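Student: Take a look at the following structure, please.
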Amino acid sequence: GGMAAAVFLLLLLLAAGPGPGRADAGQERRDALREELLLSPLPTGDVAATFQFRTRWDADLQRGAVSHYRLFPKALGRLVAALGVRELHLALTQGFWRTRYWGQPPLQAPAGAELWVWFQPTVTDVDKAWKELSNILSGIFCASLNFIDSTNTVIPTASFKPLGLANGTDHHLLRYAVLPREVVCTENLTPWKKLLPCGSKAGLAVLLKAERLFHSSYHSQAVHIRPICRDASCLAMSWELRQTLTVVFDFFSSGQGKKDWSLFKMFSRTLTDTCPLASQSKVYVDISPKNKEKELLEVSPPPTSVHEAVVQGEKKTYAVYDLLSPSLFNTSRSLNVQLKWKRPQDSSEMPIPTLHAQRYVAGYGLQTGQICTLIYNTHPYRAFPVILLETVPWYLRLYVHTLTIITKGKENKPSYIHYQPAQDRRRPHLLEMLIQLPANSVTKITIQFERALLKWTEYPPDPNHGFYVGSSVLSALVPSVTAMKDMDVEQSPLFTSLFPSSDGSSYFVRLYTEPLLVNLPTPDFSMPYNVICLTCTVVAVCYGSFYNLLTRTFHVEEPSRGGLAKRLANVIRKFRGVPPL
């Protein structure tokens with residue numbers, strides 16, 4: 001009887017139809033993971049390694065109908081659905097990318113923490129969603145993003161346009177904030193690695209050893225979420241999550257002393273297997289010849305293939321190692337890519353990037369000062385415009401009438417300017433300008449400011465270290481040296497496709513200048529201690545003496561004349577000439 005009941009129950013379950021898990025298994029797989037590592041020798045002899053992990057998911061997160069997560073992290077998926085996020089870009093960076101010496105990066109980020117988000121038009125209270133989002137991300141990535149508030153949040157009008165699909169660009173749905181003081185370390189890297197489908201157990205993520213990554217000149221990890229077209233017709237939408245990590249190794253500081261390098265020298269590990277969930281896993285090595293002569297670099301083992309692409313206006317050649325190729329791990333159990341220089345590279349051959357900038361603080365004393373920004377256009381014959389975004393904290397009082405823009409000794413008037421003045425303890429200054437950069441020129445932008453005096457409770461624990469001012473942001477379409485062909489985004493390397501090119505003659509670049517460190521008038525915080533000690537001493541001595549005098553009772557004692565023996569002794573002492581008792 002029990003056996004018949006069990007068979008009957010099984011038939012009922014089968015007749016009920018497939019459950020949600022079986023339905024997904026029966027359909028075509030709707031998510032895919034691509035991972036790649038780009039190794040780029042830098043002109044200074046250092047080497048940059050850029051990891052990109054792209055998870056693409058053909059699902060509609062906004063309607064909240066998704067219940068089964070396979071590759072896409074559930075924490076981020078539910079965050080996008082619950083708060084009405086259209087695009088999310090978070091970067092945590094330690095160090096500064098030296099564009100002048102290292103060239104254009106695949107993805108640059110400012111020092112510290114940077115967060116910018118586009119919300120859906122259906123979000124009614126954007127500020128509330130922004131505050132909630134920053135607090136949740138602070139918990140996910142173990143970072144101090146909960147310190148983002150109205151005093152360091154701005155709403156740009158011209159910069160930070162959506163990188164994915166967008167119905168409209170109402171800038172009131174955009175929020176941007178930077179925390180230049182944020183220190184990035186292993187507690188931020190660990191949750192970032194946990195979002196990967198394979199974690200750090202297989203695939204390229206095996207190389208992400210914290211001890212080596214943070215022993216470097218520059219380290220930046222980022223998360224980019226955006227909606228993209230599902231296919232060429234763009235009738236349906238997919239969601240894309242890109243996790244990127246860029247690190248620059250300096251072999252002169254690490255004691256190697258040689259420019260020859262390998263995966264083991266950089267990461268203390270080699271690649272042993274692939275991530276079983278990845279549909280593509282490749283290592284690209286930039287072997288582009290730096291001049292007209294023969295190539296300077298040779299790689300070993302021999303690459304699976306060679307790929308040519310136009311990246312940021314320059315024609316590049318890459319040696320490609322396809323980890324999914326069965327022949328790659330047949331000869332040896334691990335892959336240790338080695339790159340050797342055929343002859344020493346001449347430092348005079350260093351290419352200068354078309355667009356780069358620097359910024360510094362001028363002036364003396366602790367009352368007034370000046371912020372100076374230098375923007376270089378090294379293109380020999382092409383002029384192009386650039387959008388400059390400046391965010392300055394409220395305690396630096398900008399004098400906008402002192403704003404000057406000088407190019408080649410002449411005044412350069414911006415064609416667009418947007419300025420939002422700061423409000424004390426409520427919002428920062430926001431200055432956006434569209435400036436035309438003539439060919440082969442240096443443009444100097446200066447603005448004067450006055451330092452405010454803070455309340456004594458508003459100073460950080462180390463006030464004499466100084467106060468940070470976030471990086472300036474430069475956005476520009478830079479003219480390309482080489483004509484670029486339209487390529488299929490799905491087939492091209494990941495590092496070429498985050499910023500889509502508008503046309504074949506120019507490419508988009510977003511650059512960041514150095515953050516500034518400004519000293520403010522600082523009170524002597526040891527003075528209250530001295531005052532307290534002195535006051536307590538005075539009070540203890542004076543008040544204690546007065547209190548003693550006022551509360552003590554005095555008793556007068558009558559001297560007793562003594563007995564017979566004492567009187568006899570005094571008579572004898574008197575005869576002897578001795579003082580009486």
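Student: Among (1) over 16 Å from Q448 (Cα atoms); (2) surrounded by 15 or more Cβ atoms within 10 Å (Cβ to Cβ), there is one condition P428 misses while meeting the rest; what is its number?
Tutor: Among (1) over 16 Å from Q448 (Cα atoms); (2) surrounded by 15 or more Cβ atoms within 10 Å (Cβ to Cβ), P428 violates only (1).
Student: A further question follows. Only residues that are assigned to a loop (DSSP other than H, G, I, E, B) and surrounded by 13 or more Cβ atoms within 10 Å (Cβ to Cβ): list them for the range 184-201, please.
Tutor: We begin by selecting, within the range 184-201, every residue assigned to a loop (DSSP other than H, G, I, E, B); these are 184-185, 195-201.
V184, C185, L195, L196, P197, C198, G199, S200 - these are the residues of the range 184-201 that are assigned to a loop (DSSP other than H, G, I, E, B) and surrounded by 13 or more Cβ atoms within 10 Å (Cβ to Cβ).
Student: Out of L437, L388, I need the residue that is surrounded by 18 or more Cβ atoms within 10 Å (Cβ to Cβ), among the hydrophobic types (A, V, I, L, M, F, W, C), over 30 Å from D127 (Cα atoms) and in contact (Cβ under 8 Å) with a residue 60 or more places away in the chain. Which one?
Tutor: Details: L388 fails: over 30 Å from D127 (Cα atoms).
L437 is the lone residue from the list that is surrounded by 18 or more Cβ atoms within 10 Å (Cβ to Cβ), among the hydrophobic types (A, V, I, L, M, F, W, C), over 30 Å from D127 (Cα atoms) and in contact (Cβ under 8 Å) with a residue 60 or more places away in the chain.
Student: In addition: Listed residues G365, G369; which is small (G, A, S), free of Cβ contacts under 8 Å to residues at least 12 places away in the same chain and more than 18 Å from L511 (Cβ to Cβ)? It would help to see each step written out before you state the result.
Tutor: Values: G369 fails: free of Cβ contacts under 8 Å to residues at least 12 places away in the same chain.
Exactly one of G365, G369 is small (G, A, S), free of Cβ contacts under 8 Å to residues at least 12 places away in the same chain and more than 18 Å from L511 (Cβ to Cβ), namely G365.
Student: Quick test of your reading of the structure: W130 fulfils all but one of (1) in a helix (DSSP H, G or I); (2) open to solvent by 20 Å² or more (accessible area, probe 1.4 Å); (3) within 28 Å of L434 (Cβ to Cβ). Name the failing condition by number.
Tutor: (2)
Student: Now, a different point. Keeping to the range 441-457, report how many residues are surrounded by 16 or more Cβ atoms within 10 Å (Cβ to Cβ) and closer than 12 Å to C372 by Cβ.
Tutor: Qualifying residue count, the range 441-457: 5.
Student: Between a residue in the range 83-101 that is open to solvent by 40 Å² or more (accessible area, probe 1.4 Å) and any residue that is modelled with pLDDT of 90 or more and among the small types (G, A, S), which pairs come within a Cβ distance under 7 Å, given they are 6 or more apart or on different chains?
Tutor: F96/A111
Student: Filter the range 209-224 down to residues that are in a loop (DSSP other than H, G, I, E, B) and either within 30 Å of G466 (Cα to Cα) or modelled with pLDDT of 90 or more (or both), then give me how many there are.
Tutor: Matching residues across the range 209-224 total 4.
Student: Considering the range 33-62 alone, what residues qualify as being assigned to a loop (DSSP other than H, G, I, E, B), farther than 22 Å from I228 by Cβ and not acidic (D, E)?
Tutor: L42, P43, T44, G45, listed by residue number.
Student: Could you tell me whether T157 is surrounded by fewer than 16 Cβ atoms within 10 Å (Cβ to Cβ) and part of a loop (DSSP other than H, G, I, E, B)?
Tutor: In short, no.
The values are calculated or read from the model by the stated rules, or taken from the named source; none is laboratory data. Keep in mind that what you see is a predicted model, and the values were worked out from it rather than measured. Using ideal geometry, Cβ is built from the backbone for each residue, glycine included, and neighbour counts are taken over all protein chains shown. SASA here: full protein model, heavy atoms, side chains in, ligands and nucleic acids out. Shrake-Rupley method; radii C 1.70, N 1.55, O 1.52, S 1.80 Å.
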